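Below you'll find the structure, written out as structure tokens, and then a few comments.
Derivation of every value follows stated rules applied to the coordinates shown; laboratory data play no part. No experiment lies behind these values; they were computed from the predicted model shown. All Cβ positions, even for glycine, are placed from backbone atoms using ideal geometry, and neighbour counts span all protein chains on display.
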Amino acid sequence: MARPRPTPSIEVEGSAQQPLGMPAADFLRDYWQKKPLLIRNAFPGFVSPIEPEDLAGLACEEAALSRLVRHDREHDAWQVRHGPFDEEEFPGLGDRDWTLLVQDVDKWDADIAALLPNFDFLPRWRIDDVMVSFAATGGSVGAHIDQYDVFLLQAQGHRRWQIDTQEAPPLHFRKDVELRMLQRFTPDHDWVLGPGDMLYLPPGVPHHGVAEDACLTFSVGMRAPSAAELLGDFVDTLASEADDGLRYADPDLAPAKDANEIDAAAMQRAVEALNVLRMNDPERLGDWFGRFITLYRSSGEAMPAEDGRSRIEIEWDLQQGHVLHRHPWTRMAWRRSARAARLYAAGHVHALPVRDAQSIASMPALDGPAYAKLSDRGRDAVYDLLLGGHYHLVGPDGHAP
């Protein structure tokens, strides 16, 4: 008789070889979307690739999604403001009880994006962004829950995290705060995280983080579209692709017993009319999901190229050491389709050989040798994506030609 597996610990020790403190398969089996996990030294000796001043500068950019949260402890009052901010504001904020949060920092900073391969045990299209927060001592956004999985990596300083792991925690929100802050929070775990420590939280776990000193925290958040989002986009796709000639019909109509009644036969015909629109074709359904999941919910997007360089010029440049860099807002994924594959890039779809789809989706940059290994269809797809602004050409000196 096999022994029952011991209850997984809520705290483990990580290492450079195993940032999760265990094989990825064990983490996915025992913790993923099931229970929290604190990993001490998930990234031993971690040094933040950015400084608080860098984050403040990014929060001043028009296109960056940023928030500033301030807490008046005396009156337990919270203030939330949205960026962009003026640089002159930050020195006057004081040294306590405020937090600056910036979304999608991985799209703006290549060093932050370089952290993401550490999470390749998850589908890359499931990762939404890396949010970076700077908190002055005492800074917080209050006790709250997230509807998605998140890895909270401490990058600088120290933050105290408290969580509530009881089965049915109270989830009523305060009505006097713009943030979705819990009315009641009763933690049963309390830790202080230092640089390199990481806390994993599945959806729906109440948690509260407070800066012990000035600190930076990286939040690697997963994309988890709601059923309403999925249904809304699915229905929009069905409607846009529907044949206008497909309509409600009743060739079997019998004389009405009551002209004002919507009878059972009418309802059955309505169901049949809707059923005609259903995506029973797995290929159409796969293409819908691939397009949907590779589009970001944020405003950032690639713009078509304006330089008008010909394909011959681009391919010559690649042979001379130039590199095609993928636009940071262009998310890619691929799917097997019959004996070939479908590549999805920022909502666009390309039919390609499997090897091409795998290569293009996996490489944030394509140099000459990688481009040359692609089939004709693969190179066609890359050039089309370049024209759409999803790649930009960089020379050996780091500048565009």
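Counting Cα-Cα pairs of segment 134-193 in 5 Å increments starting at 0 gives whole-percent bin shares of 4, 15, 22, 27, 20, 10, 2. Each Lys or Arg adds one and each Asp or Glu subtracts one; over the other residues with Cβ under 12 Å from the Cβ of L201, this totals -1.
If neighbour count is taken as other Cβ atoms inside 10 Å, put H207, H75 in order from fewest to most. Numbers along the way, then the final one.
On the way: H207 22, H75 7.
Ordered from fewest to most neighbouring Cβ atoms within 10 Å, H207, H75 come out as H75, H207.
Take every Cα pair under 8 Å whose residues are at least 6 apart in sequence, average their separation, divide by the length of segment 311-394, and the relative contact order is 37 percent.
What translational diffusion coefficient, in µm²/s and rounded to a whole number, does the Stokes-Einstein relation yield for segment 11-222 at 10 °C and a viscosity of 1.306 mPa s, taking the hydrodynamic radius as the Kirkwood radius over Cα pairs? Estimated via Stokes-Einstein, D reaches 91 µm²/s. In whole angstrom, segment 1-128 maps to an equivalent ellipsoid with semi-axes of 36, 19, 14, each derived as √(5λ) from the alpha carbon gyration tensor and ordered largest first. Orientation-averaged projection of segment 311-394 equals 4.8 nm² [convex hull of Cα atoms, one quarter of hull surface area].
List the relative contact order of the chain as a percent without decimals, with contacts defined as Cα pairs under 8 Å and 6+ residues apart. Intermediate results must be reported in sequence, preceding the final value.
Values: 708 pairs, mean separation 53.6, N = 401.
After rounding, I find 13 percent.
Temperature 20 °C, viscosity 1.002 mPa s: under these conditions the Stokes-Einstein estimate for the chain, based on its Kirkwood radius over C-alpha pairs, is 87 µm² per second. Database remark: amide H of L352 closer than 5 angstrom to the amide H of A341, R342, L343 (H placed geometrically; neighbours at sequence offset of 5 or more, or on other chains; Pro and chain starts carry no H). Taken one residue at a time, the phi angles of segment 375-381 give Karplus couplings (6.51, -1.76, 1.60, θ = phi - 60°) of 6, 4, 5, x, 5, 4, 5 Hz. Gly and Pro are set to x.
Starting from the Cα-Cα distance between A264 and V394, subtract it from 0.36 nm times their residue separation and give me the gain in nm to one decimal.
Details: separation 130, 0.36 × 130 = 46.80 nm, distance 6.47 nm.
So the chain would gain 40.3 nm between A264 and V394.
In terms of Cα atoms, the Rg and Dmax of segment 192-347 work out to 25.4, 81 Å. Karplus-derived 3J(HN,Hα) values for segment 52-61, using 6.51 cos²θ - 1.76 cosθ + 1.60 with θ = phi - 60°, are x, 5, 5, 5, 4, x, 5, 5, 8, 6 Hz; glycine and proline are entered as x. Residues considered: I127, I262, I293. Largest GNM mean-square fluctuation over the chain, using C-alpha springs under 10 Å, is found at I262.
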